[in-house]
């Protein structure tokens, strides 16, 4: 938890919108609240003091990517059954309404569908791992309209 | 005994059987119901098959479903938030257990939703849902599959490696499938209608369960945990006391380490 405190401190000092740290399977994401008072601009000194693993970056949503999030706490499955093909791969084009994955909660197999048409840019959860409520599962790049 | 047909089922006037499809043989009632759900069929669509040629359980596991069983799937369009959807399986388990008690089978619930008699499975429940990933995240539909081993011998099921039993074996006689369906639909409807009052559902679940107090083993996320099932959370997750502390389970395949099942407290023996 000390690391989380350090990240929060960095976020405050640097003024960036979000910091994500990934270490193996653990990913910690800290976002600034929009209503928070404007932080002072990041100084060179602060940027240099960042540990290597910490890469302040703009939110993928700000880069035009669309996050598909888990509506429930549960287990993330990329395929309908073990040994079957995954619903989608990175690079696939999906249409709105197409199934992307299943999140199982209390033996309820919850089909998660794309709510926009576009390209699958990133799969953010490991197959058969636990996911939290509202956790982003996929980043999609919506089609140009 | 009356045969199951759209007419006889329609005469039950159940809100869960507004649209009825009955098949002599079908690959899977669950797949057909899912198709109908995606095509916009209303709440209370019921698919029944006398025989399923490709019955499937959780994670696509084969489920033997020969003639004599009650193999159904229901399309539900509940008007609650998707985050409450995980209550459906336990709520359905309570409804199914009550229906079994009504016809004289003293079934108990293994967390979260398997129906057992004497430690052997008599009925399986499979629930799937589709969520509209929009603001508010309403549940688009849920498909609830119930496979009841009714007028069959355990050996008919073709799952020799699993502990299974049937209504015929437990009661010593066959039952009227239409009457069984009536009991099932009316209890499911009553329980699903009070899903928002989940505390009351879980109280009945506790009185009908055979998991709390037992030593269990669970496999999840590639690891095996062992411990004692001590309690449920308010959302029905299982609290497992292990040597590493208390673990909250939302999923996972649990196995009772001691044989036998019992209802949750002695008052349950006279009913539920």
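Read the figures in this text as sums done on the coordinates, not as results from a lab. Keep in mind it's a predicted model, so treat the numbers as computed, not measured. Every residue, glycine as well, gets a Cβ built from its backbone with ideal geometry; the counts of neighbours run over all protein chains shown.
Other protein chain C-beta atoms within 10 Å of residue C-beta, averaged over B:104-113: 1. Counts of other chain beta carbons within 10 angstrom of each beta carbon in peptide A:71-82 average 4. Rounded, prolate or oblate: which fits chain B when a ≥ b ≥ c are the square roots of the eigenvalues of the alpha-carbon gyration tensor, with rounded for a/c under 1.5 and prolate only if a/b beats b/c? Oblate, because a/c is 1.5 or more while a/b does not exceed b/c. Measuring from centroid to centroid over Cα atoms, what is the spacing of segment B:160-215 and segment B:85-124 in Å? Cα centres, segment B:160-215 to segment B:85-124: 3 Å. Peptides B:216-226, A:64-74 ranked from most to least packed by the mean count of surrounding Cβ atoms within 10 Å: A:64-74, B:216-226.
Counting Cβ atoms of other protein chains within 10 Å of each Cβ in A:107-120 and taking the mean gives 6.
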